[in-house]
Amino acid sequence: MPWRITTVTMSALMVSRLPAFILLLYPLPLMGAMVGFNYGTQMSVVPTSWQVVNLLKTQHITSIRLYEANDELMHALAGTGVEVSIGVPNTQLLSVGQSNSSARNWVNRNVIPFLPKTNITSIVVGEEVFTAMPNAALVLLPALNNLYSALEAIKLHKQIKLSTTISPAVILDSFPPSQAFFNKSLNGLMLPLFNFLMQTGSYLMLNVDTYSIYKISSNVISLDYALFKPLSSAEEAVDTNTLLTYTNLFDAVLDSAFYALHRLNFSKLLLVVSATGWPSHSSSPDDPEATTDNASTYNSNLIARIVNNTGTPKHPRMPIDTFIQELFSEDLRAGSAISRQYGLFNATTLLPNYLLHLAGSGQLLSNDTTNHLYCVAKPGIDDDMLQVALDWACGIGKANCSAIQPGMLCYEPDTVANHASYAFDAYYQANGGNSDSCTFEGAAILTTTNPSYGACQYPGSFFNSSSIIAGHNLTLGSNTTMLSNSTTDGTGNGTSSAASTTMGAEFMTSLLLLSCWQAAFLVLSLYFLA
């Protein structure tokens, strides 16, 4: 939403000195537009709901869009404050659009059981219906009306917005943006839809599939233009009708939608970007631009623009709420192979698929920026390769692997990948965070997400001077030393008794560097975890 009613607390004297028209009429801009993430479950490995919610909390993600209702996740989101948007899939449109009773049943099943603990803010009815399922377009508006009536009956129609997503394909002659207009053959369906959204105080949702638009252009659109990269003045695009300059494809697509809405007298209808992103991988030679570097560039630049309310040339400084495609890649998703590679995080490890380079985004994705780096096992590497690298790190590499010995804090889960990640980070941090020390013949990868969990704290946590142990923040001095290497038996695994003895002696030495209350807390933590 572009404007927010802001409550300002000040003394009565100060208020009395301000003109009344300023207090009542002056619109205050948002501090930053919403950046949310789409979440689907069409993947071979689906994280538990607890894992998803924990990831949202860790990354300070405050808004999520579910492609369809997910009871378990909805319960897990209770009490988190995360704004939740629920989708009504195209396959359910006919049922919901046929009768009020079907719509009421849908609300009774997918909304009411989770309120008020789960913060449901919107329902997205259908996905690109006009282009993906033209035959279902006739029931889209009835479905919206029926769901609105169901929400109105329980007085939730103002709290929960109803909308739908459209594809840029319904906007014709999209460049220059000032010439854009909606496909006139769809006006009979779109005009009533836009009226419904305006009358209910909702918004139109637009999927800005920048990658597909770039590919379809057959190199007419440059890669730098699509990725928000800096351009020379000769490379920038100018709308000859308005003389507005476009430096990236995202802005051009949005403005084409704004102009198309204006042409139909719906210039006050708000836009929300329902999906945008960039694929980070492809097995096809036809998609060489699908790389982690390009995905990082696109999403990093995108997030910077959204949180800073950069707006577009037509609407500068306008906040534009945006959902990024997507939290995890859906490898079982129907459609093209490239559409299955948009995830920012790995569903198995919950680690980022690539690093983002963010500045000024506040807490959002604060654990996925390049401020602090950790070296962990690369997702998808087989256990045999990881075991070889693990043995080398704990043996010849002299990494401190005490914490992953049986009975120690980082032993569980007892998997090669978990132990390798700890060993890799121990070696990487001991070598001064040199990027050359995080290769392990391709078995390791740098990440900005702290892989620590519970009482298991990775070495990078200590080197960054802040550690979280059992939910309490403990600050270590800059001269705090890490635990030295455990005794190994030549395989890098070490014996349990030797590791425990070495760990115990050196750990007690380290405790002397902490304040008394911190030391006492750590001892109690180890006692209860033993």
| remark: Here the qualifying pairs (Cβ atoms under 8 Å; residues six or more apart or on different chains; first in segment 344-361 and farther than 22 Å from Met43 by Cβ; second at pLDDT 85 or above and in a loop (DSSP other than H, G, I, E, B)) come out as Gly360/Asn308
| query | So Glu235 clears everything in (1) of a type in the set (D, E, K, R); (2) closer than 26 Å to Pro352 by Cα; (3) in a loop (DSSP other than H, G, I, E, B) except one condition, right? Which one? | reply | (2)
| What tally of residues in segment 236-251 results from selecting those that are open to solvent by 60 Å² or more (accessible area, probe 1.4 Å) and aromatic (Phe, Trp, Tyr)? | 0
| query | Which of the residues belonging to segment 253-265 are among the aliphatic types (A, V, I, L, M) and farther than 17 Å from Ala275 by Cβ? | reply | Ala260, Leu261, Leu264
| request: Of all residues in segment 309-334, count the ones that are under 17 Å from Thr210 (Cα atoms), part of a loop (DSSP other than H, G, I, E, B) and more than 14 Å from the chain's Cα centre (by Cα). | output: 2
| task | Specify the residue that is nearest to the chain's Cα centre (by Cα); the eligible residues are those in segment 164-176 that are buried (at least 16 other Cβ atoms within 10 Å of the Cβ), of a type outside the set (S, T, N, Q) and not in a helix (DSSP H, G or I). | result | Ile166
| Does Ser282 fit the bill of being over 18 Å from the mean Cα position of the chain (by Cα) and open to solvent by 40 Å² or more (accessible area, probe 1.4 Å)? | no
| message | Of all residues being part of a helix (DSSP H, G or I), in contact (Cβ under 8 Å) with a residue 24 or more places away in the chain and β-branched (Val, Ile, Thr) in segment 203-217, which is farthest from Ile324 (Cα to Cα)? Just the residue, please. | response | Ile213
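Results for (1) out of contact with any helix residue (DSSP H, G or I) (no Cβ under 9 Å at 6 or more places or on another chain); (2) touching a residue at least 24 places away in the same chain (Cβ under 8 Å); (3) farther than 23 Å from Lys57 by Cα, shown as yes or no for each residue.
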| site | (1), (2), (3) |
| --- | --- |
| Asn105 | no, no, yes |
| Ile120 | no, yes, no |
| Asn135 | yes, no, yes |
| Leu140 | no, yes, yes |
| message | On the basis of being over 15 Å from Ser202 (Cα atoms) and in a loop (DSSP other than H, G, I, E, B), does Lys158 make the cut? | response | no
| field | In segment 61-95, residue nearest to Leu140 (Cα to Cα) [restricted to those that are open to solvent by less than 10 Å² (accessible area, probe 1.4 Å) and assigned to a helix (DSSP H, G or I)] | value | Leu93
| request: Taking the options Lys161, Lys155, name whichever one is modelled with pLDDT of 95 or more, on the phi > 0 side of the Ramachandran plot and surrounded by fewer than 23 Cβ atoms within 10 Å (Cβ to Cβ). | output: Lys155
| query | So is Leu186 in contact (Cβ under 8 Å) with a residue 24 or more places away in the chain and either in contact with a helix residue (DSSP H, G or I) (Cβ under 9 Å, 6 or more places away or on another chain) or among the acidic types (Asp, Glu) (or both) or not? | reply | yes
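Among what's in segment 96-138 and is among the charged types (D, E, K, R) and not in a strand (DSSP E or B), pick the residue that is surrounded by the fewest Cβ atoms within 10 Å (Cβ to Cβ). It would help to see each step written out before you state the result.
Kept after step one, since they are among the charged types (D, E, K, R), are these residues of segment 96-138: 104, 109, 117, 127-128.
Narrowing further to those that are not in a strand (DSSP E or B): 104, 109, 117, 128.
Details: Arg104: 19, Arg109: 11, Lys117: 13, Glu128: 21.
This residue is Arg109.
So, in segment 218-232, of the ones that are in contact (Cβ under 8 Å) with a residue 24 or more places away in the chain and not in a loop (DSSP other than H, G, I, E, B), which residue ends up nearest to the chain's Cα centre (by Cα)?
Taking segment 218-232 as the starting set, the residues that turn out to be in contact (Cβ under 8 Å) with a residue 24 or more places away in the chain are 221, 223, 225-229.
Now narrow it down to the ones that are not in a loop (DSSP other than H, G, I, E, B): 223, 225-226.
Numbers: Leu223: 23, Tyr225: 23, Ala226: 20 Å.
Out of the qualifying residues, it is Ala226.
Only residues that are outside any helix (DSSP H, G or I), open to solvent by 30 Å² or more (accessible area, probe 1.4 Å) and either of a type outside the set (S, T, N, Q) or under 24 Å from Gly277 (Cα atoms) (or both): list them for segment 177-202, please.
Selection gives Phe181, Gly201.
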| note | Scanning segment 386-424 residue by residue, those under 22 Å from Leu355 (Cβ atoms) and open to solvent by 30 Å² or more (accessible area, probe 1.4 Å) turn out to be Ala417
| How many of the residues in segment 431-461 are in contact with a helix residue (DSSP H, G or I) (Cβ under 7 Å, 6 or more places away or on another chain), open to solvent by 40 Å² or more (accessible area, probe 1.4 Å) and more than 16 Å from Leu355 (Cβ to Cβ)? | 2
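The values are calculated or read from the model by the stated rules, or taken from the named source; none is laboratory data. As the structure is a prediction and not an experimental result, all values here were calculated from the model. All Cβ positions, even for glycine, are placed from backbone atoms using ideal geometry, and neighbour counts span all protein chains on display. Quick note on the areas: whole protein, heavy atoms, side chains included, nothing else; ligands and nucleic acids left out. Shrake-Rupley method; radii C 1.70, N 1.55, O 1.52, S 1.80 Å.
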